[in-house]
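Presented below is the structure to which this report refers.
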Amino acid sequence: MELRRFFHNGRELRAGWRLSLFCVLVFAIGYAARIGIDRLPLPEYHGLHPVGLIVDDAFLLLVALIATGIMARLEHRSFAAYGLPSMRALFGRLFWTGSLWGLVISSVVILLIFLGGGYRVHGLNVAGAELLKFSGLWLFANLLIGLSEEILFRGYFLYTLADGVGFWPAAIVESLGFGALHYYTKPNERWEDWVAVSLLTIFITLALRRTGNLAFSIGMHAAFDFAFIYIFSGMNGGEFAVGRLLNAEFPGSIRLTGGLLGPEASWFTFLVTTAAIVLLNFTYRKTKWPVRTQD
């Protein structure tokens, strides 16, 4: 009996064990799929290239969906329970509202950097057919980034962690952990990016909490990255995007511009994201997700 209680809470397998199983599935499926992908004669894309990101994030999205699907089957739950929107809802009103928030947040950060003398544009970086090609590729790449990262890190993972420790402790762990993942896995990282990513994750998890599914968060994530990397043409991980829209430069202090990490690591991102969290909290007041936890 004691052993059963160690694994089972009387209703289902304890959250910690379910979360561990999900992580094992993600790593196992990812490892097996990566072996298969590495055997395909795919071209290599060097630097911050949209096609390389499309391949990587499509792979990550597939792994996340398979692992989530297996856990949903084992737990007799729908994808909606984990915050995943239906195909119809995915590109509905919440997605476009989130996209607008992402564009506004990134635009305000760039405006503040510009007013501080840290942003200059010297015309277009590409034109003609190249402009059309790369705008489409970067739009699709950032959509996949939003889909894959939100479903993997804020879908089943956050739902189950919240079931074990409560929503807000889970959201804090998730935010610090996602910031740490960027800090320890991307080149040229500094503490500013860790803080910025953690604050942005708090915004995203609050949006999920108050809107009921990930559509808003996916739209916000995709638009925020698309604006910083492609439209405003900032650095990311020490590189400019291949085919970026503008020939832009970011002179000045790294505290102002973010330096090699791009405007995401600017101190203005701390300020603007914090203000956005407060505004979101007063705009969407009702708790809608997950059903079992309360504010």
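The values are calculated or read from the model by the stated rules, or taken from the named source; none is laboratory data. Predicted model only: the values in this text are computed from it and were never measured. We place every Cβ from the backbone using ideal geometry, glycine too, and count neighbours over all the protein chains shown. When the accessible area is computed, the model is the full protein with side chains, heavy atoms only, and any ligands, DNA or RNA have been set aside. Shrake-Rupley method; radii C 1.70, N 1.55, O 1.52, S 1.80 Å.
For the chain, compute the orientation-averaged projected area of the C-alpha convex hull (one quarter of its surface), in nm². Average of the hull's projected areas for the chain equals 16.6 nm².
The stretch 164-204 and the stretch 228-261 have their alpha-carbon centroids 21 Å apart. Tilt of helix 191-211 relative to the longest C-alpha principal axis of the chain, in degrees (0 to 90, nearest 10)? On a 0 to 90 degree scale, this one is about 60.
For Cα pairs less than 8 Å apart in space and 6+ apart in sequence, what is the mean separation divided by the residue count of the chain, i.e. the relative contact order in percent? Over the chain, the number comes to 26 percent. Only helices enter the 222 nm calculation for the chain: every DSSP H run of n ≥ 4 contributes -39,500 (n - 2.57), and dividing by all residues gives -21000 deg cm²/dmol, rounded to 500. Using the Stokes-Einstein relation with a Kirkwood hydrodynamic radius computed over Cα pairs, the translational diffusion coefficient of the stretch 120-194 at 4 °C and a viscosity of 1.567 mPa s comes to 85 µm²/s.
Were the residues from residue 247 through residue 51 laid out at 0.36 nm apart, the gain over their Cα-Cα distance would be 68.5 nm.
Taking 104, 121, 272 as the candidate residues, the one with maximal mean-square fluctuation in a Gaussian network model of the chain, Cα springs under 10 Å, is 121.
Assuming R0 = 35 Å, what is the FRET efficiency of residue 20 and residue 42, from their Cβ-Cβ distance, to the nearest 0.05? Walk me through the numbers on the way to the answer.
On the way: r = 32 Å, r/R0 = 0.92.
Once the sixth-power term is evaluated, E becomes 0.60.
Sparsely packed loop sites in the stretch 145-223 (the chymotrypsin sites (Phe, Trp or Tyr not before Pro) outside DSSP H, G, I, E and B with at most 13 other Cβ atoms within 10 Å) do not occur. Cα extents for the stretch 220-259 along the principal axes, largest to smallest and rounded to whole angstrom: 27, 21, 15.
When a 1.4 Å probe is rolled over the protein heavy atoms, the share of accessible surface on the chain that falls to carbon and sulfur comes to 68 percent. Rolling a 1.4 Å probe across all protein chains gives residue 140 an accessible area of roughly 100 Å². Rounded to the nearest 20 debye, the dipole size of the stretch 38-131 about its Cα centre is 400 debye, using +1 on the Cβ of Lys and Arg and -1 on the Cβ of Asp and Glu. How much net charge surrounds residue 59 when only the other residues with a Cβ under 13 Å from the Cβ of residue 59 are counted, with Lys and Arg +1 and Asp and Glu -1? Around residue 59, the surrounding residues sum to -3.
Could you state the accessible area per residue of the stretch 159-284 in Å², with a 1.4 Å probe and every protein chain left in place?
34
Cα axis of helix 15-38 to longest principal axis of the chain: angle in degrees, 0 to 90, nearest 10? On a 0 to 90 degree scale, this one is about 50.
Between helix 93-115 and the chain there is an angle of about 40 degrees, using the helix long axis and the longest principal axis of the Cα atoms.
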